[in-house]
1. If I ask for residues that are more than 22 Å from CYS74 (Cα to Cα) and open to solvent by 70 Å² or more (accessible area, probe 1.4 Å), which ones from the range 104-127 would you list?
2. Six or more apart or on different chains, Cβ under 7 Å: which pairs go from a residue in the range 111-123 that's touching a residue at least 60 places away in the same chain (Cβ under 8 Å) to one that's open to solvent by 20 Å² or more (accessible area, probe 1.4 Å) and polar (S, T, N, Q)? Could you list them?
3. Which of the residues that make up the range 154-171 are buried (at least 17 other Cβ atoms within 10 Å of the Cβ) and either under 23 Å from the mean Cα position of the chain (by Cα) or not aliphatic (A, V, I, L, M) (or both)?
4. Which members of the range 134-150 meet the condition of being under 20 Å from TYR96 (Cα atoms) and either over 24 Å from the mean Cα position of the chain (by Cα) or open to solvent by less than 50 Å² (accessible area, probe 1.4 Å) (or both)?
5. Would you check if there is a residue in the range 34-44 being modelled with pLDDT under 95 and of a type in the set (Ser, Thr, Tyr)?
6. When THR101 is evaluated against the numbered criteria (1) touching a residue at least 60 places away in the same chain (Cβ under 8 Å); (2) surrounded by 16 or more Cβ atoms within 10 Å (Cβ to Cβ); (3) in contact with a Ser or Thr (Cβ under 7 Å, 6 or more places away or on another chain), which criterion, by number, is the only one it fails?
Amino acid sequence: MRGSLLNRRLVFILAFALLVVMFILLVVLSDIPHGFIGSSFERDRYPLHGPYRKLLDRASLMRKERNRMRDKRCTTADIVVNQGSTDPLPNGIPTYTVEITNACDTGCNISRIHIKCGWFSSAHLINPKIFKRLSYNDCLVNDGKPLVNGDTLSFQYANTFRYHLSVSSVACS
């Protein structure tokens, strides 16, 4: 009687241990990809090319640069918009300094610079000849006049949050 109880306990412990080992193997093996490096799983999970990898495609960049140099036309990429935090107003409203630069490397003067600016507004007055909102998401730089190659316009605005500013359209002068 004592021997059979001991055998039952031993069988129960071994069965439980086997279940634990099978569970661990199931969990571990379910995380291993099916196949080796270079398999379709690896290509799908870690693609070499994609929208976030376009900067690494040097041949494409060189072609675009050659075409751009040949056309000698300005693009929205020739206008660089930088902004950073500055000291807040006395009432505590944060202020930001914006710099808009004509970085055209072909020597072009760029006019009618339009910026995506949302519902841009400022607690600090901005000279409308430098920067003004025309409508939702459309702000005009330098009153539409040309920004000479290499020149920078700057202004400060005050708001409780920073606006995302990006170039939407330009015209070559």
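The values are calculated or read from the model by the stated rules, or taken from the named source; none is laboratory data. As the structure is a computational prediction, the values presented were derived from the model and not from experiment. Backbone-built Cβ (ideal geometry, glycine too); neighbour counts: all protein chains shown. Please note that ligands, DNA and RNA were not included when accessible areas were found on the heavy atoms of the full protein model with its side chains. Shrake-Rupley method; radii C 1.70, N 1.55, O 1.52, S 1.80 Å.
1. Kept after step one, since they are more than 22 Å from CYS74 (Cα to Cα), are these residues of the range 104-127: 118-127.
Within the range 104-127, TRP119, HIS124, LEU125, ASN127 meet the criteria.
2. The qualifying pairs are SER111/SER173.
3. Kept after step one, since they are buried (at least 17 other Cβ atoms within 10 Å of the Cβ), are these residues of the range 154-171: 155, 157-158, 163, 165, 167, 170.
Answer for the range 154-171, where residues must be buried (at least 17 other Cβ atoms within 10 Å of the Cβ) and either under 23 Å from the mean Cα position of the chain (by Cα) or not aliphatic (A, V, I, L, M) (or both): PHE155, TYR157, TYR163, LEU165, VAL167, VAL170.
4. Within the range 134-150, ASP138, CYS139, LEU140, VAL141, ASN142 qualify.
5. Of all residues in the range 34-44, those modelled with pLDDT under 95 come to 34-44.
Going one step further and asking which of them are of a type in the set (Ser, Thr, Tyr), we end up with 39-40.
Scanning the range 34-44, I find at least one residue that is modelled with pLDDT under 95 and of a type in the set (Ser, Thr, Tyr), so the answer is yes.
6. (1)
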